[in-house]
Structures are given as structure tokens and as C-alpha cells.
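The structure under discussion appears below in the form of C-alpha cells.
The values are calculated or read from the model by the stated rules, or taken from the named source; none is laboratory data. It should be emphasised that the depicted structure is a prediction, and the values quoted were computed from it without experimental measurement. Quick reminder, even Gly has a Cβ in these numbers, built from the backbone with ideal geometry, and neighbours come from all protein chains shown.
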């Protein structure tokens, strides 16, 4: 278990497979992400509002949101974005302060940090509820996950994301659950198929009453399953879960700080 846990932690803090440069924004020249130099040069050649700057590249336009929209649209046209959602996520500086917003399909190619909320669903009768991600997801299709995991939209708080995603993914209302508790945060940095992930995850736990059964509402979940804790441990060690879910569930099972 110690070696397995150490491997999880190492995988949660990986450098990009290919070199990436800092991506800065005009306002105060803050770093908002990272980008491969070849991709940045393609954007320059396409006439997008980005240019070379000391130590990387700078999005050079005001207002920033207009620039982000143009860049996201170009990534979509080039087939470099993930599934388009018409959903804006916050673009933040290193301290987490929002400097703008961008379509979520564009965040990974640009190495923009995202915020997510996950819910560990303890079953009242013992064991835990988990979900299988839809097979058309851009990241980790078909792998197993926590009861709920979703990205925070630009205009949301942790609480509103928790409530919205718990309903959309599991068909459960927060008020129906018991012992809803915040369990801290973790950050994952790793390469993904369409770029680089930097994700700050807010973790919650709750007890799902025995009278309730999760039912997906938004088409993003292939299945739900109730697992005994022994089955959960076995499936975790077999690599059936996403990296983020494995970290969250291992902490929940062992009480790691």
C-alpha cells in the first residue's frame, strides 16, 4: 500500500511530456497557464492576439475575455479543443484571483488551472457509491470516479458547484444527503491527451441514505455502482479509477491528512 500511495502522489505531480512555456496575460503580465511553443507560434501566424515575451508568451489584448474567446474559437476550428460546452471557466493568476474567463474546451491546451469539486458518497448501509465516467469523455473515458466530480464554472462558488453537479451527475439533492462535510483540497498536475492539467480539487464527503439511488441526469455518467470497502480497495489498486478519484478515495479510506 505504501508503494501504491507513493506512486499515486508521484503521478499527481508530473511535468509535461513536451516542454511548455509560461502563458501570460496583459493585465499586470500575470502567468495564467502554459503552452507549447509550436502551438503558440501557430497562433501568432494565424493572427491571434498572442506574442512572444520574456520567458514565454503573452496574450496581448484588451479586454482579455475577447482574446480568450478568439483563441478558444481557433482551437476549436483546428480540432485542438475538447468537446465544446458553451461553459466559461475562470482564468486565474498564481494566487487564484480571476483575471478573465474562457470556454472550458480550451483550458487544457493552454495549461489553464481549473477548480473542481468532488463528492465521496458513503452508503448508509455500508460501502461506497462510485460512478463510471461516460465513454465519450475527453479525459479518462470509462474509468471509475467518485460519486460526483465536476468543474466549477466562472460564476460559481464551491457550494453552488457541489449542489449543481451532485444533481446533474447523480440526481441527488444536497439537502437529501447526511453529514455533508468539506474535507480539504488537493492539486493535480499531469499531462492529458489534449494538453496539460492543473486542477485544484475541493473534496467533500456525505452519507447517501439507503432509500436513495444515484441516477445520472446529464449523460456524463455511464453507470453507478455500490461497492463494499474491500471491493473498492481491490478496484483502486487494480487501477480502475481516475488518478484524482484514487487520491481522494484512498485518503477517505485511510484517513490520511
Sort out which residues of the stretch 241-257 are surrounded by 17 or more Cβ atoms within 10 Å (Cβ to Cβ) and in a loop (DSSP other than H, G, I, E, B), and write them in order of number. 242
Over the stretch 125-167, the set of residues without any contact (Cβ under 8 Å) to a residue 60 or more places away in the chain and more than 22 Å from residue 185 (Cβ to Cβ) is 136, 138, 141, 167
Evaluate the stretch 106-123: report whether one residue or more is touching a residue at least 24 places away in the same chain (Cβ under 8 Å), out of contact with any strand residue (DSSP E or B) (no Cβ under 6 Å at 6 or more places or on another chain) and crowded, with 18+ Cβ neighbours inside 10 Å. yes
Go through 209, 191 for me and flag whichever is in contact (Cβ under 8 Å) with a residue 40 or more places away in the chain, surrounded by fewer than 17 Cβ atoms within 10 Å (Cβ to Cβ) and within 17 Å of the chain's Cα centre (by Cα). 191
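Scanning for something over 19 Å from residue 212 (Cα atoms) and part of a loop (DSSP other than H, G, I, E, B), does the stretch 169-188 turn up at least one residue?
Taking the stretch 169-188 and keeping what is over 19 Å from residue 212 (Cα atoms), we get 182-188.
Those left that are additionally part of a loop (DSSP other than H, G, I, E, B): none.
No - not one qualifying residue is present in the stretch 169-188.
Is there a residue in the stretch 37-58 that is part of a loop (DSSP other than H, G, I, E, B), within 24 Å of the chain's Cα centre (by Cα), modelled with pLDDT of 95 or more and under 19 Å from residue 19 (Cβ atoms)?
Step one: filter the stretch 37-58 for residues part of a loop (DSSP other than H, G, I, E, B), giving 46-49, 54-55.
Subset that is within 24 Å of the chain's Cα centre (by Cα): none.
No, the stretch 37-58 contains no residue that is part of a loop (DSSP other than H, G, I, E, B), within 24 Å of the chain's Cα centre (by Cα), modelled with pLDDT of 95 or more and under 19 Å from residue 19 (Cβ atoms).
Would a scan of the stretch 59-70 turn up a residue that is outside the structural domain of residue 184 (by TED's automatic domain parsing), within 28 Å of residue 135 (Cβ to Cβ), in a helix (DSSP H, G or I) and in contact with a strand residue (DSSP E or B) (Cβ under 8 Å, 6 or more places away or on another chain)? Let's see the steps before the verdict.
First, the residues of the stretch 59-70 that are outside the structural domain of residue 184 (by TED's automatic domain parsing): 59-70.
Next cut, within 28 Å of residue 135 (Cβ to Cβ) only: none.
Within the stretch 59-70 (the criterion being outside the structural domain of residue 184 (by TED's automatic domain parsing), within 28 Å of residue 135 (Cβ to Cβ), in a helix (DSSP H, G or I) and in contact with a strand residue (DSSP E or B) (Cβ under 8 Å, 6 or more places away or on another chain)), the answer is no, since none of the residues qualifies.
So, residue 39, is that one touching a helix residue (DSSP H, G or I) at 6+ places or on another chain (Cβ under 6 Å) and within 20 Å of residue 190 (Cβ to Cβ) or not?
Numbers: touching a helix residue (DSSP H, G or I) at 6+ places or on another chain (Cβ under 6 Å): no; within 20 Å of residue 190 (Cβ to Cβ): yes.
It is false that residue 39 is touching a helix residue (DSSP H, G or I) at 6+ places or on another chain (Cβ under 6 Å) and within 20 Å of residue 190 (Cβ to Cβ).
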Quick check on the stretch 173-188. Is at least one of its residues crowded, with 16+ Cβ neighbours inside 10 Å and closer than 23 Å to residue 82 by Cα? yes
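May I ask you to verify whether residue 234 is free of Cβ contacts under 8 Å to residues at least 24 places away in the same chain and assigned to a helix (DSSP H, G or I)?
On the way: free of Cβ contacts under 8 Å to residues at least 24 places away in the same chain: yes; assigned to a helix (DSSP H, G or I): yes.
In short, yes.
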